[in-house]
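Take a look at the structure below.
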Amino acid sequence: MKVLMQGTLFVLTLSGIATPAATPPPESAAELAKTWQGKSVALSAQPIGRFMAWTRTNITLGMLGGGAAAAAEGNHLVTNNGIENQAPRIARALLDLAQKHFGVVAAPLTPLSLAAPDVAAVARAARGADLVFDVQPLRESLEPFMAKGGEYFVTSDLRFRIVEVGSGRVLAEKTCVRTTQVDPVLPSREEWLANHAERLKAALAKQGDSCLDTFEVVVLGISGGDRQ
């Protein structure tokens, strides 16, 4: 019995050993970028992220079908109003900057259309290039400000990764979240969606531009007068 208890204690002790968490990639590739002269860069073409069009009703329903209803309504808004995927233009702008400042060249590959965003899939799809600028639209939403009746706000969530094709490593990664929730005046849902969602599209484009600025400064290390 004593031996059994000691063995059990040994197993329990081993099971309690914490597995070290993987070290996240750095946000900046500014120092590495100085060595990119002549390297070829491919762009990803990630599909538009899930658009969640929330209402007070489906927020109240929550797990009882509210999320599915918000996703279905969001898909309807995107399809019927031609809401643009911000990722491709941001990726192209980042490549233009890298060409100007670091001497990279565009890889002779069409933008990589990927259903799965895992790093291994990105690296495999980009064989023949040195690097991939992978901009992922993670989430967009239109939702009510629950503390203010009738007012709605818009949120965008984008991620920029630089993948080294040969090693399959993420050299740098930065997530950017922008929202109009903090704006002093918020439109109604009807105002956001009027004229084929003109106001909504303008807000999403502005948020995309803001994230582009963040990626330029934080990830690529291009700031101030260098950004011209």
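Since every read-out is calculated from the coordinates, none of them should be taken as a lab result. Predicted, not measured: the structure shown is a model, and the values here were computed from it. For neighbour counting, all protein chains shown are included, and Cβ atoms are generated from backbone atoms with ideal geometry for every residue, glycine included.
A Förster radius of 22 Å combined with the Cβ-Cβ distance from Asp118 to Arg89 puts the calculated FRET efficiency at roughly 0.40.
For a 27 Å ceiling on Cα separation, which of these pairs sit above it: Lys39/Lys174; Lys148/Lys174; Lys174/Lys201? Those over the limit are Lys148/Lys174. The DSSP beta bridges internal to the range 28-227 are antiparallel in roughly 70% of cases. In terms of its C-alpha gyration tensor, the chain has an oblate overall shape, because the principal axis ratio a/c (a ≥ b ≥ c, square roots of the eigenvalues) is not below 1.5 and a/b does not outweigh b/c. Computed from the C-beta positions of Ala106 and Thr60 and an R0 of 45 Å, the FRET efficiency is 0.40 to the nearest 0.05. Packing, taken as the mean count of other beta carbons within 10 Å per residue, orders the peptides 210-218, 41-49 from highest to lowest as 41-49, 210-218.
Note on the chain: helix-only mean residue ellipticity at 222 nm, from DSSP H runs of 4+ residues weighted -39500 (n - 2.57) and normalised by residue number, equals -12500 deg cm²/dmol.
Using 0.36 nm per residue and subtracting the Cα-Cα separation, the extra length available between Asp183 and Ala205 on full extension is 6.3 nm.
Taking other residues whose beta carbon is less than 13 angstrom from the beta carbon of Ile83, and scoring Lys, Arg as +1 and Asp, Glu as -1, yields -1.
Between Thr79 and Ala45, the simple label model (points 7 Å from Cα in the Cβ direction) yields a spacing of 2.1 nm.
Residues in the range 66-78 carry Karplus couplings, in order, of x, x, 5, 5, 5, 5, 5, 5, x, 4, 4, 5, 4 Hz; the curve used is 6.51 cos²θ - 1.76 cosθ + 1.60 with θ = phi - 60°, and Gly or Pro positions show x.
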